[in-house]
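To keep things clear, I will list the structure first and then write my remarks on it.
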Amino acid sequence: MTKKKDVILTSGIEKVYRLGEVEVNALCGVSVNIKQGEVVSIMGPSGSGKSTLMNIIGCLDRPSAGEYFLDGEMVSNMSDDQLAVIRNKKVGFVFQNFNLLSRSSALLNVELPLRYAGVTEGRRERAIKALESVGLGDRVNHKPTELSGGQQQRVAMARAVVNNPAIIMADEPTGNLDSKSGEEIMKLLLNMNKEYGTTLIIVTHDQKISDRTQRVIRLYDGLVVAQ
Amino acid sequence: MNLGLAIREALESVSANKLRAALTILGIVIGVAAVIAMLAVGAGAQDTILGSISGIGTNLLFVFQGNLQQDVRNEQPITMADVSAMRDEFQAPHIQAVAPIVRGVANASFSGESTSPEIFGVTPEFELVRNYTLIEGSFITDDNVNGLASVALLGPEVADKLFGRRELITGETIRIEGQPFRVIGILEPKGGGSFGSQDNVILVPLTTARVRLLDRERDHVDVAYVQAINAESVPIVTEEISQILRTRHRSKLGEDDFTVYTQEDILSVAGTITNVLTVFLGGIAAISLLVGGIGIMNIMLVSVTERTKEIGLRKAVGATKKDILIQFLTESSLLSLIGGIIGIIFGWLISFAVGRIASASGTPFTPNVSLNAVLLATIFSTAVGLFFGIYPASRAANLQPVEALRYE
């Protein structure tokens, strides 16, 4: 296997939440590295800190201590707005409950990251291409309420890849779908990894999903127990 | 994200909640309409008042006893001798005419009808100075003045009240304070003035008024109406009168015991009063605009809470604080701008209606919707939207993406 660079590298990440007077250690020194193009799943029981880790890896949150390099950049001490730019350029999100703008068409939803990136030229074309790549070329002007759950998740996936991100973070991507649509979504996700070499990180409870990934990171009580 | 897109998104989200947007806008509509209407009414009142003051004549000055600015000891009254001095061509070359007057209110009656108009004791110059014309009869003469004649000229309103007509009255005898006066003429109406009616008057000879009706000391004059030869010489005439009276009253420098009032003084006082009125009305109306602004803030706060998850998603895909701030500020300014535009139309309609009602009730009065007021209302209402949008928008912008996404 050729040596690939680490797209994600964390060392000794800690996260402390303050709930009133009590301090909760959600992560107690997590060090993981994920190589470019890898497909990794993060597993663990609830309360194990996997959502916290996902938020930090996805640059939605900052660690309390430790260092995190994403695609070679140290992001653990960036400001809110700098993180927003990183999320825009390097991370694509797929959520369990889709999180689409219900008032806007599929096209506008997919265009959203491009808008915040300040792209004006060819924005529409790129969004349509992304929708076609998930098989929704004929649903461009439909609103999320007019689409099935599987279709909505596919719009979300088009939105996640439209900016050519370095990593895709999928948080229980099939959790709200029936097994058939869930299977389609999994296929699409894995396909994107194969076609574009995008690093894919899936947070899941489901053993069947984690079986299909190359590597499983297991968390327990804020610590990595296997990777 | 550019502004055009921001406006389109704001329009989308405003139209997603039409009733709520309409009610929010209504608050601004009422505020702006009130401001526009009040400013228009104020400006209209100012025009009307200043117009009717100018109508009295711009080359007229009023001289009376006393100093309004400071207390002066040993005030001397204006006398007939002062009046004669002002009439002197050599001392006061720019004075056209001087009309000495005593004035007061007295009861007048005729065969059971009675009224209490203003009584002016005048000399023949008064006709010229006030530019009176007569419906019938003739003006008071020097003979009338010298002979303390019991004759009277009636203003048209007085004639209406006592006789129910304005013609064929000359020769009748009315009673003023119980004493008989022969009517020698009827004045042409001068129209509504803003200082009470100029038509509800009775003119009698100066001497007769002083002795029989108003009980003034010999030779004293309440007011002298001075007419300058033209409007430009009014300041010179003011100086001439002051010189004459200072010499005659032997008043110390800077302690004039008389006041010379020009049309311009009255105009500026009236202008000040109507300005205060306009500001006052506009201020009250502005309060309702403020209330409308608070309505916007309220609704924007609700909207931010409702859309917490949407804000989280936008941040997750790369919206910066500024992007979110602009989004919500655009929305609140858009609401208030729409309200402002509708409000301007409503305000214009209201002031138009006020004008119609005023002229229907006999007071010719045109509310004046000025371009300034329209610009002011537009800018002010948008500013209100911006200002009251800042707090909700910054709350939205400062949401943490993780918490916003988790919000249910």
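Say whether the condition of being within 14 Å of chain A (Cβ to nearest Cβ) and assigned to a helix (DSSP H, G or I) is met by at least one residue in the range B:283-297. Reasoning before the result, please.
Narrowing the range B:283-297 to residues within 14 Å of chain A (Cβ to nearest Cβ): none.
No.
Consider residue B:135 carefully, then state whether it is modelled with pLDDT under 90, in contact with a strand residue (DSSP E or B) (Cβ under 7 Å, 6 or more places away or on another chain) and part of a strand (DSSP E or B). Taking the combined requirement at face value, the residue satisfies it. Scanning the range A:119-146 for residues that are over 11 Å from residue A:106 (Cα atoms) and basic (Lys, Arg) turns up A:123, A:124, A:126, A:129.
For the range A:172-185, the tally of residues that are crowded, with 21+ Cβ neighbours inside 10 Å and not in a loop (DSSP other than H, G, I, E, B) stands at 1. Considering the conditions (1) in contact (Cβ under 8 Å) with a residue 60 or more places away in the chain; (2) part of a helix (DSSP H, G or I); (3) more than 17 Å from residue B:39 (Cβ to Cβ), residue B:386 is excluded by exactly one of them, (1). The single condition from (1) more than 14 Å from every other protein chain (Cβ to nearest Cβ); (2) surrounded by 24 or more Cβ atoms within 10 Å (Cβ to Cβ); (3) not aliphatic (A, V, I, L, M) that residue B:318 fails is (1).
The residue pairs whose first member lies in the range B:102-117 and is closer than 27 Å to residue B:78 by Cα, whose second member is surrounded by 13 or more Cβ atoms within 10 Å (Cβ to Cβ) and of a type in the set (Phe, Trp, Tyr), and whose beta carbons are closer than 9 Å, counting only pairs six or more residues apart or on different chains, are B:102/B:120; B:103/B:120; B:104/B:120. The single condition among (1) within 11 Å of chain B (Cβ to nearest Cβ); (2) closer than 25 Å to residue A:40 by Cβ that residue A:175 does not meet is (1). So, of the residues in the range A:8-24 that are out of contact with any Ser or Thr (no Cβ under 7 Å at 6 or more places or on another chain) and within 14 Å of another protein chain (Cβ to nearest Cβ), which turns out to be surrounded by the fewest Cβ atoms within 10 Å (Cβ to Cβ)? That would be A:19. The range B:1-99 holds helices (runs of 4 or more DSSP H) entirely within its bounds, and those carrying 1 or more residues that are without any contact (Cβ under 8 Å) to a residue 12 or more places away in the chain and more than 30 Å from residue B:318 (Cβ to Cβ) map to B:18-56, B:80-87.
Within the range B:240-254, the presence of a residue that is assigned to a helix (DSSP H, G or I), within 22 Å of residue B:144 (Cα to Cα) and more than 28 Å from the chain's Cα centre (by Cα) is excluded. Criterion first (at pLDDT 90 or above, surrounded by fewer than 22 Cβ atoms within 10 Å (Cβ to Cβ) and β-branched (Val, Ile, Thr)) does residue A:162 satisfy it? For residue A:162, the condition - at pLDDT 90 or above, surrounded by fewer than 22 Cβ atoms within 10 Å (Cβ to Cβ) and β-branched (Val, Ile, Thr) - is not met.
So which strands (runs of 3 or more DSSP E) are wholly in the range A:25-124 and hold at least 1 residues that are closer than 25 Å to residue A:14 by Cα and at the interface with chain B (Cβ under 9 Å from one of its Cβ atoms)? Write out each step before concluding.
Working: elements: A:33-35, A:39-43, A:65-70, A:91-94.
Counting at least 1 such residues, we get A:91-94.
The values are calculated or read from the model by the stated rules, or taken from the named source; none is laboratory data. Treat the numbers as computed from the prediction; the structure is a model and nothing was measured. Note that each Cβ is placed from the backbone with ideal geometry, even for glycine, and that neighbours are counted across all protein chains shown.
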